[in-house]
Amino acid sequence: MPNHRQNYLMGLFLVALAATLFGVAGAVAKILFISKLSPVQLTAIRAFVAALVMFSLIVVVDRKSLVVTKKQFFFLFLLAIVWACVTVTFYLSVSKIDVAVALTLEYTAPIFVIVFGLFAGTHRFSFHVIWIIIISVVGCILLTEAYDSISLHTDLLGIIYGLLSGIAFAIYTLLGNKGHILGIRSVTMTVYALGISAGLWLFAIPWLELSSISLDGPTIGYILFIAIGATVIPFWIYMAGLKHIDAFPATIVGMLDPISAGLAAYLLLGEVLSGWQMAGMLLVFYVIASVKFYESKFLTPA
């Protein structure tokens, strides 16, 4: 039991660290969008640079991680496609609405994890699961100011992109759990998902208009941070965390993402949250703090 609890806490810590880095990346991405770099261009460049860095590192440090079976390769191919969907929909959302709002919508993922679990028959509802989902939804509504019909109409497309990102992130997290069940290491899932994703983007190069991008020093620095500090590193440690915890608590703790994004956006972009949005953040904090009771109360396998 002590070892199990220790592994569980380690999983929570790794996911929390990854979420924080992902959140900061959202604010940095907003800076690049202001500089006329499109969400699709950033997603492609991020994939290319991250894959190059990750593959170069693995070739030198741990080549055995590149060896997979045919069945594992097809699984990793699917994982890469889902990851590409997460990033594209997220950056499209960020380009239209505030960073913290886009991230909160992405972290509706716990709701979709439960929904998928119900359909798959792997989990069933309990009072505590219902309570946490309700609080999560209320927190999201407050933070996105969806109660304001005018605001909702104005940013409708950005909100839709954000929800699609949440669905994709839920699937990605569930696949991360499945990958460990199949015996695939975290580093292997990371290098293949990034590599295959970059390979898929190669086919889109003629339409990306990369030659139109003006690369100055700050822009290159932001891109490198997003590719390495906010992709390679958090991607790797998030997968490592999924070895110790289930998709539901992982997506709940992942809600640290919009919190760190909001703080980063305030410092880097001057974005200010209203009182209601701050209340929404507090509810998100409450949900995250509740995860420590997850094993015994929140989710009971079917």
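The values are calculated or read from the model by the stated rules, or taken from the named source; none is laboratory data. Just so it is clear, the model here is predicted, and its values are computed rather than measured. With ideal geometry, Cβ positions are generated from the backbone for all residues, glycine too; neighbour counts draw on all protein chains shown.
If you go through the stretch 203-227 and keep only what is of a type in the set (A, V, I, L, M) and under 18 Å from LEU268 (Cβ atoms), you end up with ILE220, ILE223, LEU224, ILE226, ALA227. Just to be sure I understand, how many residues within the stretch 52-72 are over 30 Å from ALA102 (Cβ atoms) and surrounded by 13 or more Cβ atoms within 10 Å (Cβ to Cβ)? So the count comes out to 6.
On inspection, VAL59 fails the criterion of being among the β-branched types (Val, Ile, Thr) and either touching a residue at least 60 places away in the same chain (Cβ under 8 Å) or under 19 Å from LEU164 (Cα atoms) (or both). Consider the stretch 91-104 and keep the residues that are in a helix (DSSP H, G or I) and at pLDDT 80 or above. The one that is surrounded by the fewest Cβ atoms within 10 Å (Cβ to Cβ) is LEU92.
Of all positions in the stretch 165-172, at least one carries a residue that is aromatic (Phe, Trp, Tyr) and buried (at least 21 other Cβ atoms within 10 Å of the Cβ). Looking across the stretch 113-142 at every residue that is more than 23 Å from the chain's Cα centre (by Cα) and either within 20 Å of ILE159 (Cβ to Cβ) or not in a helix (DSSP H, G or I) (or both), the one that is modelled with the highest pLDDT is identified as SER126. Checking the stated criteria, PHE225 turns out not to satisfy the condition of being buried (at least 17 other Cβ atoms within 10 Å of the Cβ) and either of a type in the set (Gly, Ala, Ser) or closer than 13 Å to ARG46 by Cα (or both).
What residue, among those in the stretch 267-285 that are hydrophobic (A, V, I, L, M, F, W, C), at pLDDT below 80 and more than 18 Å from CYS140 (Cβ to Cβ), is surrounded by the fewest Cβ atoms within 10 Å (Cβ to Cβ)? Here the answer is VAL272. At least 1 residues being in contact with a Lys or Arg (Cβ under 9 Å, 6 or more places away or on another chain) is the threshold, and among the helices (runs of 4 or more DSSP H) wholly inside the stretch 151-243 those reaching it are 156-181, 186-202, 217-224, 233-241.
Restricting VAL40, VAL68 to those that are in a loop (DSSP other than H, G, I, E, B) and in contact with a Leu (Cβ under 8 Å, 6 or more places away or on another chain) reduces the list to VAL68. Here ALA264 meets each of (1) of a type in the set (A, V, I, L, M); (2) modelled with pLDDT under 80; (3) over 22 Å from VAL138 (Cα atoms) with one exception, condition (2).
Matching residues to (1) within 15 Å of MET239 (Cβ to Cβ); (2) in contact with a Phe, Trp or Tyr (Cβ under 9 Å, 6 or more places away or on another chain):
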position	(1), (2)
PHE22	yes, yes
LEU32	no, yes
GLN41	no, no
VAL59	no, no
VAL67	no, no
CYS85	no, yes
LEU92	no, yes
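Could you please let me know if ILE31 is more than 20 Å from GLY221 (Cβ to Cβ), part of a helix (DSSP H, G or I) and touching a helix residue (DSSP H, G or I) at 6+ places or on another chain (Cβ under 7 Å)?
In short, no.
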